[in-house]
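Undergrad: This is the structure I have questions about; it appears just below.
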Amino acid sequence: MSGKKERFGSRTAVIMAMAGSAIGLGNIWRFPYMVGEHGGAAFIVMYLLATLLLSLPVFITEVTIGRRSRKGAFSAMSELHPGHSIWEFVGLLAVIVPLLINSYYCVIGGWSLDFLLRSCAASFVRMSPSEVTSVFSQMSSSRWEPVVMHLSFMGISTFIVAHGVKAGIEKFSKISIPALFFLIIVMIFYSVTLPGASEGLKYLVKPDFSQVNGETMAYALGQSFYSLSLGMGAIITYGSYVHKEEDIVVSGAGTAVFDLTFAILAGFAIMPAVFAAGIEPGAGPGLIFQSVPYIFSSMGEEVPVISAAVSFIFFLAIVVAAMTSCISLIEVGVTFLGEKFNLSRKKSCCLLFVLCGGLGIVCSLQPSVFDSLDWFCSNVMLLVLAFCFVVFAGFVMKKEDVREEITNAGAKPLNVRLFNVIYFQIKWIAPIAIAVILVTNFIL
Ligand code: PHE
């Protein structure tokens, strides 16, 4: 998808491409530990509400801006509203934020790669929960292992972007995403039958709203944006490839449903195992690496070979899902360096590898830097950028232009009827809600 004239061929292609960017570590690694840190079922309810009420309009907005301008994140807004440097600045932030995210995203990609290699050696078969937990703590506290894995993961992803061999990885991800889906369902069955798993199920389905506060809402909204790749210009860029005939509302809703389902399934696969293994649900970013191998170890009690094979395929699928997301994060930077500084694809990749790789090493060795960067990007910057995008569509773009995109110039009768509701969400509900959440949590 590099040429500007290229368009997605069909609705399924649009939804699959967007779901491919959306489904990644955000669903499998980040969602379960966010649920664990922020109150279980009550967080899930907030997350569902955030997706329906706010992420969906933001999604529609980003596709609208992308399709209208036919430009990537950096120049889309200044193309639609030339001569105002503020929108160029917003575009620049929409390039910087994904690169910051990429730096620590690859650290988790590196952990997944590490666990993939361990799966090759059937390491998790018949391990006790405490042995499983110690594998992760030893690995993540080692000074060299996570760094080597992180650089390898980032190196492979950057190499792919540099050579533009996207066809291969895209074909591969078409197999790996359904495989991951299937495996997660298999794992749910194993996970819920572990002794002590029922506590985990209760934790996921019985909301305790006394746990909800402004901070929970900010985290739920941040998670929803992160998971749907919103608030960083990625969907604007994808939107520029969406065909004129395509129904933006249906594509947005389809992608959101895919993404939500994936995250919730991952929660159901992981949380019962967390409780069964006696791990603290708020254990943080290492949660899936401490709990998932316990599912494999219990599978291994009956047939070790199957357990080793399932764990290998599972981590391979995670590495591939993470890599396809990582590739689209790097691509944002490469496109920007090419457009703005005329830098070749290879040179851009080298530069980004050095910058993101260096920052990633710091994140890998300093958990506090990792946490702060994730917090700053996901809970502050994604919200700030999403706010800018909806304000741009609601107040800077002409209402008629937005209507033309959302209703395909009147060709989609349902969207014509829904337009006023969607527009009201874009122009008023989304900016006000995002601003209130941002200001009450992070500015006051
Ligand atoms: N949405 C991806 C995930 O859930 C992360 C991502 C964001 C990927 C933006 C690409 C662009 O893992």
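Undergrad: Is the chain best put as rounded, prolate or oblate by its Cα gyration tensor, with a ≥ b ≥ c the root eigenvalues, rounded for a/c under 1.5, and otherwise prolate when a/b is larger than b/c, oblate when not?
TA: Note, shape of the chain comes out prolate.
Undergrad: Shifting gears a bit: Have a look at M187, T216, Y241 and report the one farthest towards the positive end of the charge dipole of the stretch 139-247, computed about the Cα centre with Cβ charges (Lys/Arg +1, Asp/Glu -1).
TA: It is M187.
Undergrad: Just going by the charge dipole of the stretch 344-444, with Lys and Arg at +1 and Asp and Glu at -1 on Cβ, which of F389, N408, L352 is farthest out on the positive end?
TA: The residue sitting farthest along the positive end of the dipole is N408.
Undergrad: Suppose every Lys and Arg Cβ carries +1 and every Asp and Glu Cβ carries -1, with no other charges. What dipole size does the stretch 246-376 come out with about its Cα centre, to the nearest 20 debye?
TA: In total the dipole reaches around 600 debye.
Undergrad: Only helical DSSP H runs with n ≥ 4 go in: add -39500 (n - 2.57) per run for the chain, normalise by residue count and round the 222 nm mean residue ellipticity to 500 deg cm²/dmol.
TA: Calculated from helices alone, the mean residue ellipticity at 222 nm is -23500 deg cm²/dmol.
Undergrad: With every protein chain left in place, what is the accessible area per residue of the chain in square angstrom, probe 1.4 Å?
TA: The answer is 39 Å² per residue.
Undergrad: Could you give the angle, 0 to 90 degrees to the nearest 10, between helix 41-50's Cα long axis and the longest principal axis of the Cα atoms of the chain?
TA: Around 20 degrees separate the two axes.
Undergrad: Please get the size of the charge dipole for the chain, origin at its Cα centre, with Cβ charges of +1 on Lys and Arg and -1 on Asp and Glu, quoted in debye to the nearest 20.
TA: 1220 debye
Undergrad: Between the stretch 384-399 and the stretch 294-313, what is the separation of their alpha carbon centroids in Å?
TA: About 49 Å separates the Cα centre of the stretch 384-399 from the one of the stretch 294-313.
Undergrad: How large is ³J(HN,Hα), in whole Hz, for each residue of the stretch 419-429 in order, when computed from phi with the Karplus curve 6.51 cos²θ - 1.76 cosθ + 1.60 and θ = phi - 60°, using x for Gly and Pro?
TA: 3, 4, 5, 4, 5, 5, 4, 5, 7, 10, 4
Undergrad: Computing the accessible area with a 1.4 Å probe over protein heavy atoms, can you report the carbon and sulfur percentage for the stretch 41-137?
TA: The value for the stretch 41-137 is 68 percent carbon and sulfur by accessible area.
Undergrad: Report, in whole Å, the centroid distance computed from the Cα atoms of the stretch 170-237 and the stretch 94-136.
TA: So the two Cα centres are separated by 17 Å.
Undergrad: Give the ranking of C377, C350 by solvent-accessible surface, highest area first, calculated with a 1.4 Å probe.
TA: On the way: C377 0, C350 85 Å².
Most to least solvent-accessible, the answer reads C350, C377.
Undergrad: Here's something else I'd like to know. Positive end of the charge dipole of the chain (Lys, Arg +1 and Asp, Glu -1 on Cβ, about the Cα centre): tell me which of G333, F442, V320 has its Cα farthest that way.
TA: About the Cα centre, the residue reaching furthest to the positive side is G333.
Undergrad: Further, regarding this structure: Per-residue counts of other Cβ atoms within 10 Å, averaged by peptide: what ranking do you get for 394-401, 424-431, highest first?
TA: 424-431, 394-401
Undergrad: Please identify every one of the chymotrypsin sites (Phe, Trp or Tyr not before Pro) in the stretch 276-317 that sits in a loop by DSSP and has no more than 10 other beta carbons within 10 Å of its own beta carbon.
TA: On the way: sites: F289, Y294, F296, F312, F314, F315; in loops: none.
Here no chymotrypsin sites (Phe, Trp or Tyr not before Pro) fit, given the DSSP loop and packing criteria.
Undergrad: How would you order 324-336, 54-66 from highest to lowest mean count of nearby Cβ atoms within 10 Å?
TA: 54-66, 324-336
Undergrad: Let me spell out the model: positive unit charges on the Cβ of Lys and Arg, negative unit charges on the Cβ of Asp and Glu, origin at the Cα centre of the stretch 21-138. What dipole size does that give, in debye rounded to 20?
TA: Values: 7 positive and 6 negative charges, 57 e Å.
So the magnitude is around 280 debye.
The values are calculated or read from the model by the stated rules, or taken from the named source; none is laboratory data. Quick caveat, the model's predicted, so the values are computed rather than measured. Glycine also receives a Cβ, built like all others from the backbone with ideal geometry; neighbour counts cover every protein chain displayed. Only protein heavy atoms, including side chains, enter the accessible area calculation; ligands, DNA and RNA are left aside. Shrake-Rupley method; radii C 1.70, N 1.55, O 1.52, S 1.80 Å.
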